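Chemist: I'd like to ask some things about the structure below.
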Amino acid sequence: MMQRIKMIGLLGALAMALAGCTSTEQTLQPIPGDQSAPAGNAGSVPLDATDPFPPSASPAGAPQATPQQPSPAQAQAALPAGQVRGQIRFMPVIGAPVNAVTPLSRQLAVEARNRGLAILSASDPGGDHVLKGYFSADNFDGQTTVYYVWDILDPAGTRLTRVQGQETFAGAPGDPWASVPADVMQRIATRTLSDYVAWRGL
């Protein structure tokens, strides 16, 4: 019981610490989908759903990834002009490692297209809104929980609202990010854009 109380307290402290974040950070260069990083990496990971995994971004000596499906940029280009209901862009995700951000980014691109949203490059100054995500993960009593918070900003970087939630699943001891499956991050992507569209009334 004490551990659960501590976990809830830590989550509350994280939310309060993030409450003052109203400006965007400098966008990092996109990373390839096949690049891996230590699961405990808590830094910023670029999430540029316009084209998050270009082969030219591969580090020296790394194998070039062969796309298995159309890139998010190609998917966005397939949107008929009359079906575009809005334009959004994503800033680097904070707190989640590359292996978790990869399925998140790809699913965000799919969900955006399904909802008629065009995703702009993170360096593009335009668009209707900017989404900036904060993630954390924790193990408790045989289960792993991924917590997420998205600040929705205007193009100038002023926070307009926040959407948040969590996903809990059977986990494993050790680093909680090591046991996060792709479908968990995909569900978060789906819920994120569902909440965003609901907030906008689209």
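The values are calculated or read from the model by the stated rules, or taken from the named source; none is laboratory data. This is a predicted model, so every value here is computed, not measured. Every residue, glycine among them, receives a Cβ derived from its backbone with ideal geometry; neighbour counts consider all protein chains shown. Side chains included, ligands, DNA and RNA excluded: accessible areas come from the protein's heavy atoms. Shrake-Rupley method; radii C 1.70, N 1.55, O 1.52, S 1.80 Å.
Chemist: Tell me the residue from G171, G142 that is over 29 Å from V84 (Cα atoms), at pLDDT below 95 and touching a helix residue (DSSP H, G or I) at 6+ places or on another chain (Cβ under 6 Å), please. If you could, list the steps in order and put the result at the bottom.
Modeler: Details: G142 fails: touching a helix residue (DSSP H, G or I) at 6+ places or on another chain (Cβ under 6 Å).
After applying the criteria, what remains is G171.
Chemist: While we're on this one: Restricting to the range 135-160, and then to whatever is open to solvent by 20 Å² or more (accessible area, probe 1.4 Å) and within 16 Å of the chain's Cα centre (by Cα), can you tell me which residue is nearest to A172 (Cα to Cα)?
Modeler: If we filter the range 135-160 for residues that are open to solvent by 20 Å² or more (accessible area, probe 1.4 Å), which is where we start, we get 136-143, 147, 154-156, 158-160.
Right, trim to within 16 Å of the chain's Cα centre (by Cα) and you get 136-137, 147.
Details: S136: 16, A137: 12, Y147: 17 Å.
Filtering first and then ranking leaves A137.
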